[in-house]
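For reference, the structure is listed below as structure tokens.
The values are calculated or read from the model by the stated rules, or taken from the named source; none is laboratory data. None of the values given here were measured: they were computed from a predicted structure. Because the Cβ atoms are built from the backbone with ideal geometry, glycine has one as well, and the counts that use them run over all protein chains shown. Only protein heavy atoms, including side chains, enter the accessible area calculation; ligands, DNA and RNA are left aside. Shrake-Rupley method; radii C 1.70, N 1.55, O 1.52, S 1.80 Å.
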Protein chains: 2
Amino acid sequence: MGRKTGSHSEITGPRVREAALRLIAQHGFAAVSMRQIAAEVGIQAGALYNYTPDKQSLLFDLMQSHMHELLEAREASRTRGDPLEQLEAFVRFHIRFHLPRQRAVFVSYMELRNLAPDNFSKIEQLRTCYEGELQGILDEGHRLGDFEISDSKITTLAIIAMLTGICNWYREDGRLSAAEIEADYWTLVRKSVGIDAAEPMRHRRAV
Amino acid sequence: MGRKTGSHSEITGPRVREAALRLIAQHGFAAVSMRQIAAEVGIQAGALYNYTPDKQSLLFDLMQSHMHELLEAREASRTRGDPLEQLEAFVRFHIRFHLPRQRAVFVSYMELRNLAPDNFSKIEQLRTCYEGELQGILDEGHRLGDFEISDSKITTLAIIAMLTGICNWYREDGRLSAAEIEADYWTLVRKSVGIDAAEPMRHRRAV
DNA sequence: GTCTATAGAATGATAGAC
DNA sequence: GTCTATCATTCTATAGAC
């Protein structure tokens, strides 16, 4: 088997994506050249075009894959339960999904500007779909009288911004463990929908 | 006075900064060329270098100005009062300052990666300084027993992420007015530090 | 599938006329 | 202070050998 020249598509494909994600997260899409990505993989720039028709498609694929993984993982982790339980499940899922994917999160939120209009629309649609998951929980909790919410859309955006913001500072070797962070943010979210820690069962007891 | 050629430094300087801010917010620093900025101002690319030694300095100046304005405005709007009053003042200040500056906020948070290391450190220091304002309020409120907080640093980052996130979706002609948004977010923050709307005076009455 | 080589366009920054 | 012109570099993407 050849080493410096030969066929490695099954290996090289994922490596191109990993290298692109790492470099784009670090420097930004427009600041990263195809030559840099190729060098990171250990191939020449021209060979990249066996794996993507152009630079724009590479970015879009990274972002679309991230959003699809997010939606599929959310689908798989859905639970039954009252709105408070569902809200807790959502918050914990969101943190657990995003923390190990800081680079992909970074790219998916920062490089929207660099998507071609058609690609932008597709990604935005997926994002809206994900936000709908949370908003549905909040609406149901509000309808049942469990949650104290002024505006479910605002609350949705506020919670997601708060949770996703963790990715901007979290480090594996930081002061707090992922479990501690998860607990703290769940407490913040719980309180923000008007559920006091002292009476977490209000709706369930009342009914 | 000449029109197409001549001296216009007092006018052109700010226009260069405005054009750069607008274009960088829209497309990203690395994706915007000096020629594009010049065209937006209505001058030739070479003339830009009367106003900045290089592209990097232009970005740094935009971000540094934004952070200095933020800190000065915060300084000017500081109020006396108990922690709850100070927290409300901070939240309302943050929203009022940021909403009319969506582009500058965007640039200041998204283009950190494109700053040279020295410039990055300076901006980060200013940001840390601003976060300290909020954390100080939370710590004081916690010390007095007014606020129910698990970790003041986490709570600081969560609140700022939540509030700054407004800039990512707010539109002047949107469904909600700035005043409504401000009210909703203040309610969210108030609840997140454990102050129920029904008993906003707990500390003051207890003492 | 990867390489070398290159086309064709764009970039940041500078020099010198006015 | 702005212009024109340009240098030297870099970029995306393609062509063709192996």
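Key figures for this structure:
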quantity: Search result, residues across the stretch B:135-148 that are more than 14 Å from every other protein chain (Cβ to nearest Cβ) and either charged (D, E, K, R) or open to solvent by 60 Å² or more (accessible area, probe 1.4 Å) (or both); calculated: B:139, B:140, B:143, B:144, B:146
quantity: Test result for residue A:29, farther than 30 Å from residue A:196 by Cβ and either among the charged types (D, E, K, R) or surrounded by 15 or more Cβ atoms within 10 Å (Cβ to Cβ) (or both); calculated: yes
quantity: Subset tally (residues that are in a helix (DSSP H, G or I), aliphatic (A, V, I, L, M) and open to solvent by less than 20 Å² (accessible area, probe 1.4 Å)) for the stretch A:111-133; calculated: 1
quantity: Within the stretch A:34-44, considering residues that are near DNA strand C (Cβ under 10 Å from one of its atoms) and under 17 Å from residue A:9 (Cβ atoms), the one most open to solvent (accessible area, probe 1.4 Å); calculated: A:44
quantity: Failed criterion for residue A:101 (all others in (1) more than 19 Å from the chain's Cα centre (by Cα); (2) modelled with pLDDT of 95 or more; (3) open to solvent by 20 Å² or more (accessible area, probe 1.4 Å) hold); calculated: (1)
quantity: Of all residues making up the stretch B:45-63, the number that are surrounded by 15 or more Cβ atoms within 10 Å (Cβ to Cβ), hydroxyl-bearing (Ser, Thr, Tyr) and either in a helix (DSSP H, G or I) or within 14 Å of another protein chain (Cβ to nearest Cβ) (or both); calculated: 0
quantity: Residue count, the stretch B:149-175 (criterion: in a loop (DSSP other than H, G, I, E, B) and either surrounded by fewer than 16 Cβ atoms within 10 Å (Cβ to Cβ) or at pLDDT below 95 (or both)); calculated: 7
quantity: Residue among B:13, B:42 that is away from every other protein chain (no Cβ under 14 Å), on the phi > 0 side of the Ramachandran plot and within 13 Å of DNA strand D (Cβ to nearest atom); calculated: B:42
